[in-house]
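For reference, the structure discussed in these notes is given below.
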Amino acid sequence: MNYRISKQAASLSPSLTLAIDAKAKQMKADGLDVVGFGAGEPDFDTPQHIKDAAAKALAEGFTKYTPSSGIPELRQAIADKFKRDNGLSYKAAQIIVSCGGKHSCYNTILATCQAGDEAIIPAPYWLSYPEMVKLAGATPVILPTTDATEFKVTPEQLRAAITERTRLFVLNSPSNPTGGLYTPSELKALGDVCVEKGVLVMSDEIYEKLVYDGAEHGSVARFSPAHYEHTIVVHGFAKAYSMTGWRLGYLAAPEPIAKAIDAIQSHSTSNPTSFAQKGAVAALTGPQDHLGVWLAEYSKRRAYAHQRLNAMPGVSCVNAKGAFYLFPNIGRLGLKSTEFCARLLDEEKVAAVPGVAFGADDYIRISYATSMANIQKGLDRLEQFARRLAK
Ligand SMILES: *Cc1c(COP(=O)(O)O)cnc(C)c1O
């Protein structure tokens, strides 16, 4: 039997981050002492009051279909969050609750991009964006950046990449994989270009709450009514509330786009899990003090890892301003990122993700969403590896 796979599906590369994670887990299961820097999720548990709210909803029989774009109570809590945290006014009808931030990205791209369209994606990028654009039948246009500019694109670079086919600009600040953060004035300038050229912005703000040293997260939607009208804000519960397994995210969009996404969702996934939504209401309306504790811990790990990485021969690393990743440059050690990470795992039992997965082959991604003891041990091994290669 010749199983013809559809062109869109065949064009995809399977997720390299998930593959590395699976291999490291297998090695651990085989009894090997592996240090995992591959994780794309917090190592903290979901705060108890959030779990309690979901458990209560489940016990009370809140187990049926909900409206496909989410329960009104949660959509309102999300609208209130945007008002409170970002100074953005959305009606509940502009908010769509989905099965994860990833799902919100995908639906945004499906609702706005079609064959013949281009979507501009700065690299290093979150690895799912280009694949999602391909699934929509459109063409990803990659804008490369390096550590010399802290992985930021300039308005000039963006302007030069825009053609009459450009439909969408994908912005992710704070960034996975680099930890980079645009300042409010840089964001405004990028938004200005998109407004001028009539390009929509998909602003993935899932790491909004994870910023360091008092840095400011600003949503590109907030600078003017025109910025607001050109922006779809994508968000979720995974990172700030450690709810990765709950599969719950959301977006806020101009009404016609929200309506289109509501239709997509109503014919594909339907509603995100009913009782999980009740947990999400508790997440947004309940105490937020876990965040200070987590940030203090991440901040300590980041400072330690950043200093250690820069002390290794042939390695240099700009400091992250947000999220929980560092993205060191390993190019001077003479290996491309895939071989680097494969050998690092084999020879030193350390799992990191090759930068090529994010469109940047001279780098690797280190997640510090793991204990300080693991970070210490893993970096000791990475240092030995770097010393061997530098000889
Ligand atoms: C983790 C992540 C998401 C969303 O994750 P979900 O688990 O689907 O909510 C979206 N964008 C980026 C950049 C991420 O790192």
### Query
K23 to E73: FRET efficiency via 1/(1 + (r/R0)^6), r the Cβ-Cβ distance, R0 45 Å, to the nearest 0.05?
0.60
### Message
With just the Cα atoms defining each centre, how far is the range 107-179 from the range 212-264? Give it in Å.
### Response
16 Å
## Note on the structure
Cα-Cα longer than 27 Å, checked against K188/K209; K134/K321; K152/K377; K7/K152; K25/K377; K188/K239, kept in input order, equals K134/K321; K152/K377; K7/K152
### Query
If you average the sequence gap of Cα pairs under 8 Å that are 6 or more apart and divide by the length of the range 80-189, what percent do you get for the contact order?
25 percent
### Query
Separation between the Q48 and R332 pseudo-spin-labels, each 7 Å from Cα along Cα→Cβ, expressed in nm?
4.9 nm
### Task
Could you tell me what percent of the accessible area of the range 49-285 is made up of carbon and sulfur, with a 1.4 Å probe and every protein chain present?
55 percent
### Query
Hey, what number do you get for the chain at 222 nm if only DSSP H runs of n ≥ 4 count, each worth -39500 (n - 2.57), divided across all residues, to the nearest 500?
-13000 deg cm²/dmol
### Query
Just going by the charge dipole of the chain, with Lys and Arg at +1 and Asp and Glu at -1 on Cβ, which of C105, V315, T63 is farthest out on the positive end?
T63
### Summary
If each part is reduced to its alpha-carbon centroid, the range 312-391 and the range 37-83 end up apart, in Å, by 34 Å
### Message
What do you get for chymotrypsin sites (Phe, Trp or Tyr not before Pro) in the range 137-195 restricted to DSSP loop and a cutoff of at most 12 other Cβ within 10 Å of the site's Cβ?
### Response
none
### Task
Using the Cα centre as the reference, give the magnitude of the dipole from point charges on the C-beta atoms of the chain (Lys, Arg: +1; Asp, Glu: -1; all else neutral), rounded to the nearest 20 debye.
480 debye
### Query
Which cross-chain or sequence-distant (5 or more) residues have an amide H under 5 Å from the amide H of D204, H modelled 1.01 Å from N in plane?
L171, N172, S173, V234
### Summary
At R0 = 41 Å the Cβ-Cβ FRET efficiency linking R387 and A226, nearest 0.05, sits at 0.15
### Task
List the relative contact order of the range 177-266 as a percent without decimals, with contacts defined as Cα pairs under 8 Å and 6+ residues apart.
25 percent
### Table column - 3J(HN,Hα) (Hz), the range 204-214, Karplus curve with 6.51, -1.76, 1.60, x for Gly and Pro
8, 10, 5, 9, 2, 7, 9, 10, 10, 6, x
### Query
Rounded if a/c is under 1.5, else prolate if a/b beats b/c, else oblate: with a ≥ b ≥ c from the C-alpha gyration tensor eigenvalues square-rooted, which is the range 134-275?
oblate
### Task
May I ask you to list the aspartates and glutamates whose Cα is less than 13 Å away from that of K51, ignoring any residue fewer than eight positions away on the same chain?
none
### Query
Counting pairs of alpha carbon atoms under 8 Å apart in space and at least six apart in sequence, what relative contact order in percent does the chain give?
24 percent
### Task
Under a cut-off of 12 Å between alpha-carbon atoms, report the aspartates and glutamates in cross-link reach of K336, not counting same-chain residues fewer than 8 places apart.
D361, D362
### Message
Assuming 0.36 nm per residue, please report the length gained on full extension of the stretch D346 to S15 beyond their Cα-Cα distance.
### Response
117.2 nm
### Task
State, to one decimal in nm, how far the label point of K7 lies from the label point of H267, with both points 7 Å from Cα in the Cβ direction.
2.0 nm
### Message
Just the number please: accessible area per residue for the chain, 1.4 Å probe, all protein chains included, in Å².
### Response
41 Å²
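The values are calculated or read from the model by the stated rules, or taken from the named source; none is laboratory data. From a predicted model like this one, the values you see are computed outputs, not experimental measurements. Please note: Cβ atoms are built from the backbone with ideal geometry, for glycine as well, and neighbour counts cover all protein chains shown. For accessibility, only protein heavy atoms count, side chains too; no ligands or nucleic acids. Shrake-Rupley method; radii C 1.70, N 1.55, O 1.52, S 1.80 Å.
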